[in-house]
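Data block below; observations after.
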Protein chains: 2
Amino acid sequence: MALEHAILVSLLEKPGSGYELARRFERSIGYFWTATHQQIYRVLKRMEGDGLLAVREVAQEGRPDKKEYSVAGPGRAALSQWLHEPIEPESLRHDLAVKIRGAAFDDPAAVLREVERHRRVHSDRLAHYLAGELRDFTGPAAPAPLDTGQELQHVVLRGGIAYERMTIAWLDDVLATIHRLSTGSPTTDDH
Amino acid sequence: MALEHAILVSLLEKPGSGYELARRFERSIGYFWTATHQQIYRVLKRMEGDGLLAVREVAQEGRPDKKEYSVAGPGRAALSQWLHEPIEPESLRHDLAVKIRGAAFDDPAAVLREVERHRRVHSDRLAHYLAGELRDFTGPAAPAPLDTGQELQHVVLRGGIAYERMTIAWLDDVLATIHRLSTGSPTTDDH
DNA sequence: TCCTTCTATGCAACTCGTTGCATAGCCAAG
DNA sequence: CTTGGCTATGCAACGAGTTGCATAGAAGGA
């Protein structure tokens, strides 16, 4: 049910339409949670029905009307309650790791190419996050005294950056390991 | 559909029952993929029906009979095909990050306690992974010349270790940030 | 002019994953 | 002797998430 809470946080940071939320989920919120527009529209409707959100129809020029959602009293209460409940620390779900272990039973070259491709994607993401950090938090154009909300957004972004750096380093380790196994002396140990 | 493939890899490494698979998913495979026994039993049944797996009833003494699954020809082919297909690099899904951003709109102390609790869990996991590494790969009792499968299992485990270390360091950053915001110079209003 | 892209919302069908419950024999601790 | 834990399998119901499709006006390029 964390999608509901992610929406509450995002709408508290700034009210917006389903479409705008979907775009935020591709950007800042997307550092740690993903959602498609279908999911978002469905959940928004449910949350409105439950009285957690308020809607306002906004007519626009040159583009379709939109429904701007904002957090109502019960929505804020629901978020507060969730913040006080313990949640399960979650575990990784990384299919690439499944592929890597699967390489022992198939052509390792195919897996190698896949690992290289993933490395490029993570490298691009890192560059994107670093650009965002410079723009919003550490660059000259960023607001100098950050408020609480911005500081917390920054620390979450630093988490995304750390994750990408760790992943890239690990994928380098994976590449080196597969190379060693296929070209180098078979069955030497490293450490 | 990666659960199917994770099961194929695990059964290629060693055939076993649904129950045994469920326990592996709490251990080694669980470093990067989780699954409950319900899911596993359901998927095993489907895979057997699709001809990917072979079953063998095994009578045991002092405990219930079990069904030992192993990978059949079509199962191996299905894995091979998947290994040659590109997959989407996945993104994080971290509800703790939602909570951290949510702390701007509620009592930060509650979130602080939650972060500390998660830090302990990740710390325990790291210790557990390191013990496993020593036991299976780097310790004196480990088989000295590791084979390909073991080397690949090791590099995946190193990924789990790197993930836990990164996460712990990040949570320390989060703790320091929240402390700074609440005790240090109160720069202010959030909302 | 047509084709694509962007804004904006939504339905329907499906698969994936979780939670609660049920069975059943064995073993060990209190 | 009863309670709880371990091995071992499974059903049913629900909620979460994905994929394909549909609508519709405005803007901009080939």
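The values are calculated or read from the model by the stated rules, or taken from the named source; none is laboratory data. Here the structure is a predicted model, which is why all the values come from computation and not from measurement. Neighbour counts run over all protein chains shown; Cβ positions are idealised from the backbone, glycine included. Please note that ligands, DNA and RNA were not included when accessible areas were found on the heavy atoms of the full protein model with its side chains. Shrake-Rupley method; radii C 1.70, N 1.55, O 1.52, S 1.80 Å.
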Exercise. What are the residue pairs meeting all of these: first residue in the range A:38-52, first residue over 18 Å from A:ALA77 (Cβ atoms), second residue in a loop (DSSP other than H, G, I, E, B) and more than 9 Å from DNA strand C (Cβ to nearest atom), Cβ atoms under 6 Å, and 6 or more apart or on different chains?
Worked result: none
For this session: Working only within the range B:67-76, note down all residues that are open to solvent by less than 60 Å² (accessible area, probe 1.4 Å) and over 25 Å from the mean Cα position of the chain (by Cα).
Result: B:ALA72, B:GLY73
Exercise. Quick check: anything in the range A:122-129 within 30 Å of B:ALA6 (Cβ to Cβ) and basic (Lys, Arg)?
Worked result: yes
Exercise. Quick one: is B:GLU85 more than 26 Å from B:ALA22 (Cβ to Cβ) and either open to solvent by 10 Å² or more (accessible area, probe 1.4 Å) or of a type in the set (A, V, I, L, M) (or both)?
Worked result: yes
Exercise. Of the residues A:LEU146, A:LEU130, A:LEU112, which single one is open to solvent by 60 Å² or more (accessible area, probe 1.4 Å) and either at the interface with chain B (Cβ under 10 Å from one of its Cβ atoms) or outside any loop (DSSP other than H, G, I, E, B) (or both)?
Worked result: A:LEU130
Seminar exercise, completed: Counting only helices (runs of 4 or more DSSP H) entirely within the range A:1-84, those with at least 1 residues that are more than 24 Å from A:VAL155 (Cβ to Cβ) are A:18-24, A:37-49, A:73-84
Exercise. Quick one: in the range B:45-61, which of the residues that are open to solvent by less than 90 Å² (accessible area, probe 1.4 Å) and not aliphatic (A, V, I, L, M) is farthest from DNA strand D (Cβ to nearest atom)?
Worked result: B:GLY51
For this session: Kindly indicate whether any position in the range B:85-100 is more than 14 Å from chain A (Cβ to nearest Cβ), more than 16 Å from DNA strand C (Cβ to nearest atom) and over 19 Å from the mean Cα position of the chain (by Cα).
Result: no
Exercise. Which of (1) within 14 Å of chain A (Cβ to nearest Cβ); (2) modelled with pLDDT of 90 or more does B:GLU20 not meet, given it meets every other one?
Worked result: (1)
